[in-house]
1. Taking every pair of Cα atoms in the chain, average 1/r, invert it to obtain the Kirkwood radius, and report Rg/Rh to two decimals.
2. Take S26 and S98, extend 7 Å from each Cα along the Cα→Cβ direction, and tell me the distance between the two endpoints in nm.
3. Among T124, T142, T51, which one shows the highest mean-square fluctuation when the chain is modelled as a Gaussian network with alpha-carbon springs under 10 Å?
4. When only the heavy atoms of the protein chains count and the probe is 1.4 Å, how do V132, V66 rank by accessible area, highest first?
5. Springs between alpha-carbon atoms under 10 Å, Gaussian network over the chain: tell me which of G20, G86, G206 tops the mean-square fluctuations.
6. Pop out the carbon and sulfur fraction of the accessible area of region 93-179 as a percent, whole number, probe 1.4 Å.
7. Taking springs between alpha-carbon atoms closer than 10 angstrom, which of N104, N191, N32 fluctuates most in the Gaussian network model of the chain?
8. So with the 1.4 Å probe, I'd like the accessible area per residue for the chain, rounded to whole Å².
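The values are calculated or read from the model by the stated rules, or taken from the named source; none is laboratory data. On a predicted model such as this, the values are computed, not experimentally measured, just so you know. Counting neighbours? That spans all protein chains shown, and the Cβs are built from the backbone with ideal geometry, glycine included. Quick note on the areas: whole protein, heavy atoms, side chains included, nothing else; ligands and nucleic acids left out. Shrake-Rupley method; radii C 1.70, N 1.55, O 1.52, S 1.80 Å.
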Amino acid sequence: MSGDSGLPAGWIEAPLGALGTWMGGSTPSKSNEAYWRHGTVPWVTPKDMKTDIVQQAQDLISAEAVRNSRLRLVPPDSLLMVVRSGILSHTLPVARNSVAVALNQDMKALVLDGSVHADYLRYTLQRAATAVLRQCGKHGTTVASLEASALNRFVVPVAPLAEQRRIADKLDELLSQVAAGEAALERVRANLARYRAAVLKAAVEGRLTADWRATHPTPEPA
């Protein structure tokens, strides 16, 4: 870790590898039904990374699958990241897990060491997504992917822990307001679309000019 005079007092810069331990994933044998039937452990894949907080997964595996494979459970409040997927050509999916999860081979998790708040780091990487994709992307691969060693070296600003929590909480509040505003705009757009359709319907049925016709009893030729 190193100081940086361009950062606020008390902040530092640190590579991701200095903030925790990376964990990977794998796929339990599909031929073993016991690994997939009545599963209770969320098995996170890129298709589950459409949210900021991962609480569940589309696929569940059994505790037996975890015990008898190379899989290890990722503890809650780690940072989950897609490292191999076509989506990496333009987007970096990053999330925090609120429950213990297992990962497939297209995912990695950074199990944080306590020096950084998971949501603060999530927001930081979402802000730096373009730089991560540019600096850590593998070249010449069939499917877009990120290089583990480059991710390990990627440098992020780290505020004092208490300030990280304040920043994350404030971002939660502000972005919640933004989401509410976007939802309100969508409702307005939907209402406008319905109003436009109603106006067009009234026009072609003659209802828009009914008052005029009432005061002009002699009809005009069509």
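1. 1.24
2. Taking the two extended label points, one gets 3.1 nm.
3. Maximum fluctuation in the GNM of the chain, among the listed residues, is at T142.
4. The residues order as V66, V132, largest area first.
5. G206
6. 53
7. Per the Cα network of the chain with a 10 Å cutoff, N191 tops the list.
8. 59
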